[in-house]
Amino acid sequence: NTRTLAAILHKPSLSSILQIGMRKRILTFALLVFHNWAFGQNENRSDCKIEIYLLKTIKPNLDTSKTLQSEFSVSKDDLTDTPFIRDLEIISYVFLRDTSRGVHGQNIVEERHGFKVNSNVTKRVNNLKIPLCCGRQFAVVVNSQVAYAGYFWNLRSSFGSDWITAFSYGKYIELRKKLPDLEFPIDPNDPRKNQTLFNCLISTNRLTPK
């Protein structure tokens, strides 16, 4: 039997057998490490969820003396039954900072935040028929907890806003601190920098600083 003879002629030595056994153990360990890493990545994605909800009813300004749309209070009971934008529709998050010089020589710092989504999501937002005057209230929710709330804003509106304002265009939902959005100095308590939200973005590899 030629095949059997060839096997006999190329019978590996004891040292070769030991080397092969060691390589198999190393390969098995590497595969287990990769499996656990990949499983952990999936766990992070499934255990950490970011969603955007609309509200069941319009919430009044906390400061009733303000005429512009401003901060309002939201609880989980105020949210619609299903998310308006689902976690899987949020591709990434962009955070950038621009600095310019004002007319009096002062530094003007502008921070930009935004969710990158697919174009179907931005169309969905703009199909809400958002009123020019006052926007449409929403809440960013992380793991079933409200991180912060704001207003979807009409791109054609010339009205100002004294709270978080979101514009939807292309593949982005841009989040402004207010309208106009010029800050000097930067507010350390900016709700867009919610730590729970950023931790979730980092753990799911969706934070894109620039």
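The values are calculated or read from the model by the stated rules, or taken from the named source; none is laboratory data. None of these values were measured; they are calculated from a predicted model. Counting neighbours? That spans all protein chains shown, and the Cβs are built from the backbone with ideal geometry, glycine included. Surface accessibility is based on the protein's heavy atoms, side chains included, excluding ligands, DNA and RNA. Shrake-Rupley method; radii C 1.70, N 1.55, O 1.52, S 1.80 Å.
A compact table of results
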{"quantity": "Only listed residue being among the charged types (D, E, K, R), open to solvent by 10 Å² or more (accessible area, probe 1.4 Å) and at pLDDT 95 or above, chosen from D98, D81, D162", "calculated": "D81"}
{"quantity": "Residue satisfying condition, being free of Cβ contacts under 8 Å to residues at least 40 places away in the same chain, open to solvent by less than 20 Å² (accessible area, probe 1.4 Å) and under 15 Å from G114 (Cα atoms), within set F152, F167", "calculated": "F152"}
{"quantity": "Flag for R86 being touching an Asp or Glu at 6+ places or on another chain (Cβ under 9 Å), within 19 Å of A166 (Cβ to Cβ), modelled with pLDDT under 95 and of a type in the set (K, R)", "calculated": "no"}
{"quantity": "Where K56 falls short, out of the listed (1) farther than 26 Å from N189 by Cα; (2) surrounded by fewer than 17 Cβ atoms within 10 Å (Cβ to Cβ); (3) touching a Cys at 6+ places or on another chain (Cβ under 9 Å)", "calculated": "(3)"}
{"quantity": "Condition met for K59 (modelled with pLDDT of 95 or more and among the charged types (D, E, K, R))", "calculated": "yes"}
{"quantity": "Sole residue being of a type in the set (D, E, K, R) and buried (at least 20 other Cβ atoms within 10 Å of the Cβ), chosen from R124, R176", "calculated": "R176"}
{"quantity": "For C133: the one exception among (1) open to solvent by 50 Å² or more (accessible area, probe 1.4 Å); (2) under 23 Å from F198 (Cα atoms)", "calculated": "(2)"}
{"quantity": "Members of region 56-83 found to be closer than 21 Å to G160 by Cα and β-branched (V, I, T), listed by number", "calculated": "I58, T64, T67"}
